[in-house]
Amino acid sequence: MAQMNSGESHPRNDPWNATTPASPRTPGRGRYLPRGTVWVLLPILSLGLLAPFTFTYAAVRRRSPVTVIAAVVFVMLTVTMFASVDTEWVFDIALGLNLVGSICAAIALRPHVFRVTEVPVDQVPAARPGGPGPQPGEAEPTRMLSAPHQQRPGPPNGPAHARAAARALAHEEPSRAVELGIGRPDRQTGYDDGGLIDLNRAPAAGLAQLPGLASHHVEALLQSRASEGAFLSLEDAMIRAEIPPHLENQLAEYAIVY
């Protein structure tokens, strides 16, 4: 880890560093299938027999009306199917509805159940032809890290573009994002990440800056992170810390997991 500039406060006197961050994990790396693929395949491979379990999982994960209704419908269809084994035509209809309905519903609901916060393409800055260093006519950024890890200047169009650029960098080069302190306002590295908060590394004071979070939510995040390991996504953090679903859009703007 590169040494910080001499102006950084000592951890012993810095209330930001009161909490030890969890070991970092990079979500999504090493995966060869889109998220939710196995979940979609279960109703197909089981001929609809596992539909009650897959959609009950979806209802628990998302806690939304559409997933709860889907779970209830497929539980009722499965119960009807097994209750009418002696009545062939009722069994065939229930089996067909269960199979076709569960496949269509799984495909339609997968983006909702396994929603991932993505950076809009038009907000991700294009690659700089001359690399990360200063371009002709551009001032060299202030160096607050060691030479191999000098900062890249933030985009000029405000916090939203700064967040988009920081997310893109964290996705492509997570180790460098850690070095630059993306999502870590407590480190005060000077890199402009637009106010992002790293759910896996930020201490309590940093997590408390996230919009909508009460103190018990922050405490739940810290306890879950310490006992169960780093979060894989914002959705994973919300489920484990029992954060209400209606806060997701607010948190997605500033929370980052990498």
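The values are calculated or read from the model by the stated rules, or taken from the named source; none is laboratory data. Just so it is clear, the model here is predicted, and its values are computed rather than measured. In this analysis, Cβ positions are derived from the backbone assuming ideal geometry, glycine residues included, and neighbour counts consider all displayed protein chains.
Ala208 meets all of the listed conditions (1) touching a residue at least 24 places away in the same chain (Cβ under 8 Å); (2) more than 22 Å from Val60 (Cβ to Cβ) but one, namely (1).
When Thr142 is tested against (1) at pLDDT 50 or above; (2) outside the structural domain of Ser64 (by TED's automatic domain parsing), exactly one condition is not met: (1). Scanning segment 225-244 for residues that are touching a helix residue (DSSP H, G or I) at 6+ places or on another chain (Cβ under 7 Å) and either surrounded by fewer than 19 Cβ atoms within 10 Å (Cβ to Cβ) or small (Gly, Ala, Ser) (or both) yields Glu228, Ala237, Ile239, Arg240, Ala241, Glu242. Where helices (runs of 4 or more DSSP H) fall entirely within segment 204-258, those with at least 2 residues that are within 16 Å of the chain's Cα centre (by Cα) are at 215-228, 234-241, 248-254.
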